[in-house]
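A.B. asks: The structure that follows is given in the form of structure tokens.
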Amino acid sequence: MVSQFPAIENFAIPLPITQETRQIASQFAAQQPTKEKSDQVLLNTIAVSVVNNYLSMLGISTDLSHSDSWNPVMQLCNNVADLDIPGVGKLECRPIQTTSASSCQIPLEVWNLRIGYVVVQIDDSLKVAAILGFTPEVTTEELLLANLRPPEELIDRLHQFPESFGDNSLVNLGQWFNNIFETGWETVESILNPEQLSPAFGFRNVELPDSDSPESSTADGSVIMAKLIDLGVQLGARNVVLLLEISEEENGKIAVTLQLHPNPNDIYLPEAMELKVLEASNTVFMQAQARSRDNYIQLKFTGQPEETFKVEIILDDIKYSETFKL
């Protein structure tokens, strides 16, 4: 049942689909309102389970409970087939059935914050599957199977993440909701002047906490903290301030807002200074660049609890980076 492409046939990994996998997939599928959605959830669940079992056999930790594909609400609202790798990120496990397929559909909604995309071919009997390969990123909804990399390269990639992300330097944003903050992060008003915060925070209409309060939570439950960033002697005393706001959304995701401000002694950011967000794969997810008279730049996105991302601040050959866990 392996695909018609010779290269894929050489490295595809056949695996059984267990009875437990079929039972779980059938249960999830039975909860869907239409046959089309039921079929989608059935195949997505099987694909995720096959990859989960494969990684478990190789001693790689996974967490189905933090995967959108195991969340009934996300199953209904989105076409997701993700598998959470704790401390690393999420793999997207996309199913195909026909052996004559030349490509695999990758929904636009799952292009972001993924450490890779695995294609799983599922037999019509739902008893046998094959991991065809993976790709570290996608930029189109049609992923050509001929461009897949061998599954073994996926394993090598996963083993690289602990070193590249530096677990000891992770900022645990989940603890911020409990008013537990890492060294260097301060309340906004302790670093920036009130004039610098308006209209910067106008997009959320939040009320900053009273200056006498030790907490950083706002009236709407979000948490805002700031950190003074020293980019080195090359900039003299022209440090910058990174603001980070998090808030919990109804769908379980966490909204993140990043703002980069000049320090209180400056009016504008240095021209061409960049603010970047990188996925767990070290791929740039989004970025902003300061113009000649920008007094702040901003990026906004949402992520799942336990996901990691890196923030980089760059000016010419000077770079500052910090890694965060939601």
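A.B. asks: From 73, 128, which residue is under 23 Å from residue 34 (Cα atoms) and surrounded by fewer than 19 Cβ atoms within 10 Å (Cβ to Cβ)? Explain how you work it out, then say what you get.
C.D. replies: Numbers: 128 fails: under 23 Å from residue 34 (Cα atoms).
Being under 23 Å from residue 34 (Cα atoms) and surrounded by fewer than 19 Cβ atoms within 10 Å (Cβ to Cβ) holds for just one of 73, 128, which is 73.
A.B. asks: Another question, if that's okay. What number of residues within region 281-301 satisfy the criterion of being in a loop (DSSP other than H, G, I, E, B) and farther than 18 Å from residue 323 by Cα?
C.D. replies: The initial filter retains those residues of region 281-301 that are in a loop (DSSP other than H, G, I, E, B), namely 281-283, 290-296.
Keeping just the survivors that are farther than 18 Å from residue 323 by Cα gives 290-296.
Here the count works out to 7.
A.B. asks: Hey, among the residues in region 150-177 that are outside any helix (DSSP H, G or I) and surrounded by 15 or more Cβ atoms within 10 Å (Cβ to Cβ), which one's modelled with the lowest pLDDT? Walk me through how you get there before you give the answer.
C.D. replies: Kept after step one, since they are outside any helix (DSSP H, G or I), are these residues of region 150-177: 150, 166, 170-172.
Narrowing further to those that are surrounded by 15 or more Cβ atoms within 10 Å (Cβ to Cβ): 150, 170-171.
Numbers: 150: 91, 170: 78, 171: 88.
Checking each candidate, the answer is 170.
A.B. asks: Still on this model: Going by what's in this entry, would residue 309 be described as within 18 Å of residue 260 (Cα to Cα) and crowded, with 18+ Cβ neighbours inside 10 Å?
C.D. replies: Working: within 18 Å of residue 260 (Cα to Cα): yes; crowded, with 18+ Cβ neighbours inside 10 Å: yes.
Yes: the conditions hold for residue 309.
A.B. asks: May I pose another question? Would you tally the residues in region 22-40 being farther than 10 Å from residue 75 by Cα and over 26 Å from the mean Cα position of the chain (by Cα)?
C.D. replies: Going through region 22-40, the residues farther than 10 Å from residue 75 by Cα turn out to be 22-27, 30, 33-36, 39.
Narrowing further to those that are over 26 Å from the mean Cα position of the chain (by Cα): 22-23, 26-27, 30, 33-36, 39.
The total comes to 10.
A.B. asks: Does residue 139 meet the test of being within 19 Å of the chain's Cα centre (by Cα) and modelled with pLDDT of 90 or more? Outline the logic, then answer.
C.D. replies: Values: within 19 Å of the chain's Cα centre (by Cα): yes; modelled with pLDDT of 90 or more: no.
Judged against the criteria, residue 139 is not a match.
A.B. asks: I need every pair where a residue in region 36-56 that is modelled with pLDDT of 95 or more has its Cβ under 7 Å from the Cβ of a residue that is buried (at least 18 other Cβ atoms within 10 Å of the Cβ) and among the polar types (S, T, N, Q), sequence separation at least 6 or different chains.
C.D. replies: Final answer for the pair search is 40/79; 41/75; 44/69; 45/69; 46/21; 48/67; 48/69; 49/21.
A.B. asks: Would you please list the contacts, defined by Cβ atoms under 8 Å and residues six or more apart or on different chains, that run from a residue in region 266-288 that is touching a residue at least 60 places away in the same chain (Cβ under 8 Å) to a residue that is assigned to a strand (DSSP E or B) and hydroxyl-bearing (Ser, Thr, Tyr)?
C.D. replies: Within 8 Å, the pairs are 280/308.
A.B. asks: Just name the residue that is nearest to residue 118 (Cα to Cα) out of those in region 80-101 that are touching a helix residue (DSSP H, G or I) at 6+ places or on another chain (Cβ under 6 Å) and not in a strand (DSSP E or B).
C.D. replies: Kept after step one, since they are touching a helix residue (DSSP H, G or I) at 6+ places or on another chain (Cβ under 6 Å), are these residues of region 80-101: 80-84, 88, 92-93, 95.
From what is left, the residues that are not in a strand (DSSP E or B) are 80-81, 88.
On the way: 80: 13, 81: 10, 88: 16 Å.
Once the filter is applied, the top-ranked residue is 81.
A.B. asks: If a residue must be touching a residue at least 60 places away in the same chain (Cβ under 8 Å) and out of contact with any His (no Cβ under 8 Å at 6 or more places or on another chain), how many such residues does region 289-301 contain? Working first, answer last.
C.D. replies: In the first step, residues of region 289-301 are kept if they are touching a residue at least 60 places away in the same chain (Cβ under 8 Å); the result is 295-296, 298, 301.
Remaining after also requiring out of contact with any His (no Cβ under 8 Å at 6 or more places or on another chain): 298, 301.
Matching residues across region 289-301 total 2.
The values are calculated or read from the model by the stated rules, or taken from the named source; none is laboratory data. These numbers were taken from a predicted model, which means no experiment stands behind them. When we count neighbours, we look across all protein chains shown, and the Cβ atoms used for this are built from the backbone with ideal geometry, even at glycine.
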